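Novice: One structure, as structure tokens, below. Some questions next.
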Amino acid sequence: MIFIGTMEWASTRMRGTFICPNCDHSENFRLRASRPFLTLYFIPVLPIGALQEYVQCSRCKNAFETAVLSNRMMPSPSSSAVENAGQKEVPLEEDLLKTIALMMVEDGHVTEDEIRVARRLYENMVESSLSREQLGIACSQVRLHRLNTLSFLATVAERRTHEEKLLLVQAMFGVAGADGEITPGRLQSLVKAQNVLQLDESEFQMAVGATSQWLA
Ligand SMILES: [Zn+2]
């Protein structure tokens, strides 16, 4: 049986202090890195893709994209990874796909209905096709990076426009409701998303109400 596993490096070259989006407080962090490997019977055999860096809060243990350090670190030591992270322009499609993937894996299993709805949402929103394989890769990547929906949205909130944030909210609700019922874990993430994305209640609810336009 072949599947994608991960090898992890705890990077010691960088530690520091940042304002953790989850703790909302100054905490220590560690820069960590992992690389996806194709594994055969649990033995890593082939590296696939580059080393992926992420930032881990030493208090809540949540993982964040390195971009989180660009305006939350204090004081700023020099590291090329971190300096570049803040300047990198991330296309909306990329954030949208990650948001959809995070919502899908949030409750630990992925259903056929979710796959169907996720692909339709994405294809209607960005008007380009998304294969099952691309979606599958996105799901395994967010797992490997140990991201969770809220920690990811906290990073995204700073680089997306107002309209783009509303689109991400609709993607989350669309996927969450794919099975006809929203699980408690997902409901909690959805409710917190409004604050994390800094949206006011009425526009948030209007966006949620208009989610079905993407499912046609
Ligand atoms: Zn934290």
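Novice: Inside the range 136-147, can you point out the residues that are within 11 Å of residue 98 (Cβ to Cβ) and in a helix (DSSP H, G or I)? Please lay out each step first, then the result.
Specialist: Our first condition is that a residue be within 11 Å of residue 98 (Cβ to Cβ); within the range 136-147, this holds for 138-139, 141-142, 145, 147.
Answer for the range 136-147, where residues must be within 11 Å of residue 98 (Cβ to Cβ) and in a helix (DSSP H, G or I): 138, 139, 141, 142.
Novice: Out of the residues in the range 33-73 that are at pLDDT below 85 and of a type in the set (Lys, Arg), which is nearest to residue 18 (Cα to Cα)?
Specialist: Residue satisfying both the conditions and the ranking: 72.
Novice: Restricted to the range 1-22, and to residues that are surrounded by 14 or more Cβ atoms within 10 Å (Cβ to Cβ) and assigned to a loop (DSSP other than H, G, I, E, B), which residue is modelled with the lowest pLDDT?
Specialist: That would be 11.
Novice: Which residue pairs have Cβ atoms closer than 7 Å, lie 6 or more positions apart in sequence or on different chains, and pair a first residue in the range 181-194 that is modelled with pLDDT under 80 with a second residue that is surrounded by 14 or more Cβ atoms within 10 Å (Cβ to Cβ)?
Specialist: 185/106; 185/107
The values are calculated or read from the model by the stated rules, or taken from the named source; none is laboratory data. Model, not experiment: these values are computed from the prediction. Please note: Cβ atoms are built from the backbone with ideal geometry, for glycine as well, and neighbour counts cover all protein chains shown.
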